Structures are given as structure tokens and as C-alpha cells.
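Okay, structure first, notes after.
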Amino acid sequence: MWTVWSSLGPAFACGTMLIGGSAAASDPPFINSVVSTDFDFILDSDPSALESVRYVRSVRREMPDKRSNELFAKAYVFKADFEPDHTVEVWAHEDFGSPEAAEVHVRLLAEAIGQQPAVLRRALKHVVLHVGSETAFAEEQAGFFVIYSENMDARIGTHDLQETVFHESAHVAWE
């Protein structure tokens with residue numbers, strides 16, 4: 001029997017074993033998402049497609065926030081340019097106090113976006129960046145996700161910022 005299966009190729013045999021595996025359906029491999037694992041599938045040292053980050057202007061934007069019912073706020077608008085020829089805007093809330101203060105987190109975020117597969121990066125139109133510790137969330141229909149600075153700092157501390165960006169970008173690209 002193995003001869004028949006193996007003649008179909010290793011990928012088929014491996015896929016069949018995964019589908020027919022013995023793990024119980026009620027035992028997920030991870031607690032909740034890629035950020036709850038003890039391994040990094042995107043390393044800090046991995047290359048990034050980020051070419052530049054530049055501050056553009058301050059303007060009122062739609063800035064969804066888990067902490068408030070206010071939808072619109074003043075934002076510092078940055079453009080993050082990626083190779084080949086793709087730009088993602090990052091809208092940093094005015095709570096950062098200045099474009100210079102916001103730029104610290106914008107650059108960290110843009111670097112992590114640049115480390116994503118191109119298909120995920122290209123799905124993003126913009127990212128909303130707030131000061132705070134709430135968890136990130138995505139709005140796939142409008143092509144963006146929302147992330148919070150203190151949560152970013154915590155994710156950086158555990159080497160999980162890239163995985164968080166991956167998770168939210170995947171919602172945008174594939175839902």
C-alpha cells in the first residue's frame with residue numbers, strides 16, 4: 001500500500017498524513033494565534049522590503065479605537081515605501097504629541113510590514129496607530145488594521161511584532 005501512496009509523491013503522502021493524523025480535533029496546536037507560540041517564524045534579522053518612511057502632513061482621518069466611540073481624529077500621516085513600488089500609509093494618532101514622537105513607532109511598524117510576504121503587504125492600504133495597550137484588530141473590507149504603541153512595545157519585547165503584523169495583514173488580505 002505504501003508503494004501506491006509514495007508513487008503519488010511526498011507532498012501528497014505528507015498532506016494525507018496531516019489530514020488523517022491522530023491529533024484530536026479539540027486540541028489546537030496553539031492557544032490562540034501565531035503570537036502565542038514560543039518560536040518566531042519571522043526573525044528580527046530577516047530582510048525587509050522597506051525603502052523609506054516619510055512624514056507627509058497632519059490631517060483628520062477615520063481612526064477606529066477600541067477605547068472610544070470617537071471615529072475621527074487628527075492623525076500624523078506617514079508614507080512607508082516598499083519595493084517594488086508599493087506604499088502603505090500609517091496614520092498615527094495625535095496623542096503621540098508630535099510627528100517626531102510618532103515616527104519612532106511608525107518606523108518599527110513599517111519595518112515589520114516590510115518583512116511580510118508581498119501578498120499581505122500589498123493588501124494593506126493603511127494602518128492606524130494609536131497610543132495605548134489594546135490588542136490589534138483588522139478591518140478587511142477597508143484594507144487596514146489598527147495597532148497600539150504599548151502593545152507593539154510588548155510584542156517587540158517577545159519578538160512577536162512581525163507575527164502580529166502577519167496575523168492582522170492576513171485578515172486584511174484573505175477575509
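Quick check: pseudo-label points 7 Å beyond the Cα along Cα→Cβ at Ser58 and Glu134, how many nm apart are they?
Placing both labels 7 Å beyond Cα along the Cβ direction yields 2.2 nm.
Take the Cα radius of gyration of segment 95-175 and divide it by 2.2 N^0.38 Å, with N its residue count; two decimals is plenty.
Compared with the compact-globule rule of thumb, segment 95-175 sits at 1.01.
Once phi is turned into θ = phi - 60°, what whole-Hz ³J(HN,Hα) does the Karplus curve with 6.51, -1.76 and 1.60 give for every residue of segment 60-69, x standing for Gly and Pro?
These are the phi-based 3J(HN,Hα) values: 6, 9, 6, 10, x, 8, 4, 8, 8, 8 Hz.
Find out how many positive minus negative residues lie around Trp174, taking Lys and Arg as positive, Asp and Glu as negative, among other residues whose Cβ is under 13 Å from that of Trp174.
Around Trp174, the charge tally is -2.
Specify, per residue and in Å³, the volume enclosed by the convex hull of the alpha carbon atoms belonging to segment 123-165.
58 Å³
Every number here is computed from the coordinates shown, using simple stated rules; none is lab data. The model shown is predicted, which means the values in this text are computed figures rather than measured ones. Glycine gets a Cβ as well: all are built from the backbone with ideal geometry, and neighbour counts include every protein chain shown.
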